[in-house]
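To start, the structure itself, in structure tokens.
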2 protein chains.
Amino acid sequence: MKLTLFTDYSMRVLLYLAARPDRLSSIAEVAQAYGISQNHLMKVVNDLARSGYIESLRGRGGGIRLGRKPADINLGELVRHTEGGFDLVDCGSCVVAPACRLTGVLQEALCAFLSVLDRYSLADLAAEPGQLERIFGAVGTR
Amino acid sequence: MKLTLFTDYSMRVLLYLAARPDRLSSIAEVAQAYGISQNHLMKVVNDLARSGYIESLRGRGGGIRLGRKPADINLGELVRHTEGGFDLVDCGSCVVAPACRLTGVLQEALCAFLSVLDRYSLADLAAEPGQLERIFGAVGTR
């Protein structure tokens, strides 16, 4: 069982921005910090900007920063957004779907999963901003 | 977020066998019933046989059947087995892993997810064996 790469990268971007609250960041430096592709991040950043999780300032001296306080970015809400649908198994193609109770059971399990995430915010992940800042500093971002 | 195809197919095989308790089934007919590849099922069936979820009788007149009663096949235990590891996100490659609390949060959410599955057995999914039997009969298995 895996969360999508889209969710993974969304969390990474937000965590990076939370650790560097007093400045604008660039997609290039987030990509460099995590050693991941800038192209992959572009789509993620556009989505996060559209949905208000980050602010994107264009032009010379522009960049991205958090659009809300870390404490106001709830992880359950974020993951519901970035995952889109949660099709834990592909029942659509399954002949027994009408008579099978698995969908209901998985739905109940998923609710329990998300209820836990609902109790945490981005601020809980970046609980030691100094430490994250040191890590990002050490991987060569300005 | 998605369970692996291996888990999906394992559940389908067990559900099929649970619905046809008084006979031996073949991999070919399970594949036909669900419209999925026999090759993909082979690996799943071998694993289920190795782990005692099903019995495989070789030779002429052989076939597969459940190795335990449906009520004794716990879904939490099954999914822990078929999923192997649960790497919800790939923290191994992430530079902030040492300072990030996401792993712990996701672990807690996963525990809540599995706790729900722990309350159900295969018998709960195949709660109406007559209905499943009719569906499997209608898709042309003998």
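Coordinate-derived values only; no laboratory data. What you see is a predicted model; the values in this text were computed from it and never measured. Here Cβ is always computed from backbone atoms with ideal geometry, including for glycine, and neighbour counts include all displayed protein chains.
Across the copies of the chain, B:G137 has label points (7 Å from Cα along Cα→Cβ) spaced 7.4 nm apart, shortest distance listed first. Within chain B, the proportion of Cα pairs with more than 19 Å between them is 56 percent. Taking every alpha-carbon pair under 8 Å whose residues sit at least 6 apart, the stretch B:5-140 reaches a relative contact order of 33 percent. B:R80 label point (Cα plus 7 Å toward Cβ) to equivalent points in the other copies: 3.0 nm, shortest first. Residues in the stretch A:1-40, backbone N under 11 Å from the label point at A:N46 (7 Å along the Cα-to-beta-carbon vector): list them, ranges by number please. Only A:40 fall inside the zone, counting backbone N under 11 Å.
Excluding same-chain neighbours fewer than eight residues apart, the lysines reachable from A:K69 by a Cα-Cα span under 24 Å are A:K43.
Estimated from helices alone, the mean residue ellipticity of chain A at 222 nm is -16000 deg cm²/dmol (sum of -39500 (n - 2.57) over DSSP H runs with n ≥ 4, per residue). Test of understanding: in a Gaussian network model of chain B with alpha carbons linked when under 10 Å, which of B:D90, B:D118, B:D47 would top the mean-square fluctuation ranking? The residue that fluctuates most here is B:D90. Over the Cα atoms of the stretch A:25-78, the radius of gyration divided by the Kirkwood radius equals 0.98; this is the Rg/Rh ratio.
Whole-Hz ³J(HN,Hα) for each residue in the stretch B:65-72, computed from phi via Karplus 6.51 cos²θ - 1.76 cosθ + 1.60 with θ = phi - 60°, x for glycine and proline: what do you get? 3J(HN,Hα) across the stretch B:65-72, in whole Hz: 8, 4, x, 9, 5, x, 5, 9. Semi-axis lengths, largest first, of the ellipsoid equivalent to the protein assembly as shown are 46, 17, 17 Å, with √(5λ) applied to each eigenvalue of the Cα gyration tensor. GNM remark for chain A: springs join alpha carbons under 10 Å apart, and the peak mean-square fluctuation among A:P70, A:P98, A:P21 falls on A:P98. Applying 1/(1 + (r/R0)^6) with r as the Cβ-Cβ distance of B:A71 and A:T4 and R0 = 30 angstrom yields a FRET efficiency of 0.30.
Counting charges near B:C111 (Lys, Arg +1; Asp, Glu -1) among other residues having Cβ under 12 Å from its Cβ returns a value of -1.
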